[in-house]
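Reviewing the structure listed below.
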There are 2 protein chains.
Amino acid sequence: MQPSGYRQLTPERLDATFAALADPTRRAILARLASGEASVTELAAPFAMTQPAISKHIKVLERAGLVSRGRDAQRRPCRLAARPLAEATDWLERYRRFWEGNFQRLDALLDELKAEPKGVDSQKDGGEQR
Amino acid sequence: MQPSGYRQLTPERLDATFAALADPTRRAILARLASGEASVTELAAPFAMTQPAISKHIKVLERAGLVSRGRDAQRRPCRLAARPLAEATDWLERYRRFWEGNFQRLDALLDELKAEPKGVDSQKDGGEQR
């Protein structure tokens, strides 16, 4: 389903992506860029942070390949570059069966109960997971 | 599709999850635990690393809620705790349209081409409208 290129990433690249995402300001910057490109000044506006501080965060995002900059020399607008996010998701997807396991087991149980002859109403909910 | 609880996470929790994932040894430990619980000694075996160094990584994973420890006082086996991975994936999924955009546009184009009525060969290009 995913282009096979996604699987060829180096560990360093995943390190950089996850490290870049481990900060709420950087995640907020990505969220803002998801609605369109923006200059550093525009990106800094909603934050109680100096522009140099924001610039530093943007540099981390750029190094991780999550933000690219336009060529307009004056403005150099920032854009979201989503490919590393796809690669990170690809890595996380391998573990999907672990968090979905509980729901699948519950589904299977419900299917079994439905398939059983009537009169099992009393066991309905069976199991909150501890 | 996802349990609504996944959306109530605090930013600190996502910070901890992404920071924990930003290291190849920690990702390898999670990959090992995906095939079953293991003691610290077992986890350390494949790495060219001292046991205290591995223990440190495991502590980071524990603090991020990605690993839980069993109660057996001697062995305290480590287990994968996948919920933070689900939350991280949930966050990343918001950006899926950015990396899938290109494929969707291509799909839409192919659908359009397929959906065109048969037997239009003769009027192929609708030249009249020029």
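With +1 assigned to the C-beta of every Lys and Arg and -1 to the C-beta of every Asp and Glu, and no other charges, what is the dipole magnitude of the range B:15-59 about the Cα centre in debye, to the nearest 20?
80 debye
Per-residue mean of other chain beta-carbon atoms within 10 angstrom of the beta-carbon, peptide B:13-21?
What the average comes to for B:13-21 is 5.
If you take the accessible area of A alone, add that of B alone, and subtract the area of the pair, what total do you get in Å², probe 1.4 Å, to the nearest 100?
The contact between B and A buries close to 2700 Å².
For labels at B:R63 and A:A73 in the simple 7 Å Cα→Cβ model, what's the distance in nm?
Calculated label separation equals 4.7 nm.
Just give the residues from the range B:59-82 buried by at least 20 square angstrom of accessible area in the all-chains context relative to the isolated chain, probe 1.4 Å, and say none if nothing qualifies.
In the range B:59-82, residues shielded by partner chains: B:L80, B:A82.
So if we plug the beta-carbon distance of B:A115 and A:A115 into 1/(1 + (r/R0)^6) with R0 = 45 Å, what FRET efficiency do we get, rounded to 0.05?
Result of the calculation: an efficiency of 0.65.
Between B:T50 and B:R13, what length comes free when the chain is fully extended (0.36 nm per residue of separation minus the Cα-Cα distance, one decimal in nm)?
10.5 nm
The values are calculated or read from the model by the stated rules, or taken from the named source; none is laboratory data. Worth saying up front: this structure is predicted, and the values here are computed from it rather than measured. No Cβ is skipped: glycine too gets one built from the backbone with ideal geometry, and neighbour counts run over all protein chains shown. The accessibility values were calculated without ligands, DNA or RNA, using every heavy atom of the protein model including side chains. Shrake-Rupley method; radii C 1.70, N 1.55, O 1.52, S 1.80 Å.
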